[in-house]
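Student: My questions all concern the structure below.
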Amino acid sequence: MTVKSPMTEPQAPRRDESEQRRLDAMLRQIFEHKLRFNEVLGLKVASFDPHKPQLAFAMRPELVGHYQHGRLHGGVIAAVLDTVGGFAVTLAIAEKFRSESAEEVAHRFGRIGTIDLRTDFLHQGIGKQFLATGRVTRLGGRIASVQMQLENESGTLIATGCAAYVVS
């Protein structure tokens, strides 16, 4: 079965470079600061690539779920996967509506919400730095599907996830 990428549909003219920088700055502000829980987690945008959006964060004592082993709390892992999934959907929407202004895309972002999330914990969340990556597998008119993964600085795959988001 072939998965149709949301980026393979006929594309509108791209917003100019200045407007794209404004959009990236706005999305960075939203995902790093305005979504306050993301700020608590310490999430930073690592990549705006719509095909491989990434968020990064550092291990801190506040994120520990098991004090004897110093590993990430499972809720942190699930929250980060959910957030990178939402970030991936946001960038896919920005790409789909690539001629829209930063404000128009931001308005669309306000409609996104998680409706289903699955997290598979594969290895202990041990590390100093973590990188979460999302990949939109389907962007429909009402629902988007995303696959996500979380790795530590040595490339160990800590967890994977899949989620569905409402986009309309």
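Student: Tell me which residues, restricted to region 131-159, are under 23 Å from G70 (Cα atoms), surrounded by fewer than 17 Cβ atoms within 10 Å (Cβ to Cβ) and not aliphatic (A, V, I, L, M).
Tutor: Result: E153, S154, G155, T156.
Student: A further question on this structure: Is it the case that L63 is free of Cβ contacts under 8 Å to residues at least 24 places away in the same chain, farther than 17 Å from A164 by Cβ and crowded, with 17+ Cβ neighbours inside 10 Å?
Tutor: Values: free of Cβ contacts under 8 Å to residues at least 24 places away in the same chain: yes; farther than 17 Å from A164 by Cβ: yes; crowded, with 17+ Cβ neighbours inside 10 Å: yes.
When the stated conditions are applied, L63 passes them.
Student: If you scan region 74-90, which residues turn out to be touching a helix residue (DSSP H, G or I) at 6+ places or on another chain (Cβ under 8 Å), aliphatic (A, V, I, L, M) and surrounded by fewer than 24 Cβ atoms within 10 Å (Cβ to Cβ)?
Tutor: Filtering region 74-90 down to residues touching a helix residue (DSSP H, G or I) at 6+ places or on another chain (Cβ under 8 Å) leaves 76, 79-80, 83, 87, 90.
Applying the additional criterion that residues be aliphatic (A, V, I, L, M) yields 76, 79-80.
Scanning region 74-90 gives V76, A79.
Student: Further question on the same structure: Output the residues belonging to region 111-136 that are of a type in the set (V, I, T) and touching a Pro at 6+ places or on another chain (Cβ under 9 Å).
Tutor: Of everything in region 111-136, those that are of a type in the set (V, I, T) and touching a Pro at 6+ places or on another chain (Cβ under 9 Å) turn out to be T133, V136.
Each row is one residue, and each column tells you yes or no for (1) more than 25 Å from R22 (Cβ to Cβ); (2) buried (at least 20 other Cβ atoms within 10 Å of the Cβ).
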| residue | (1), (2) |
| --- | --- |
| I93 | no, yes |
| R111 | no, no |
| I115 | yes, no |
| R118 | yes, no |
| I126 | yes, no |
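Student: Can you tell me which of (1) in contact with a Lys or Arg (Cβ under 6 Å, 6 or more places away or on another chain); (2) part of a helix (DSSP H, G or I) is the one A56 doesn't meet?
Tutor: It is condition (2) that A56 fails.
Student: As an exercise: evaluate V45 against (1) among the β-branched types (V, I, T); (2) assigned to a strand (DSSP E or B); (3) modelled with pLDDT under 95 and give the number of the one condition it does not meet.
Tutor: (3)
The values are calculated or read from the model by the stated rules, or taken from the named source; none is laboratory data. All values derive from a computational prediction rather than experimental measurement. Note that we place each Cβ from the backbone using ideal geometry, even for glycine, and neighbour counts take in every protein chain shown.
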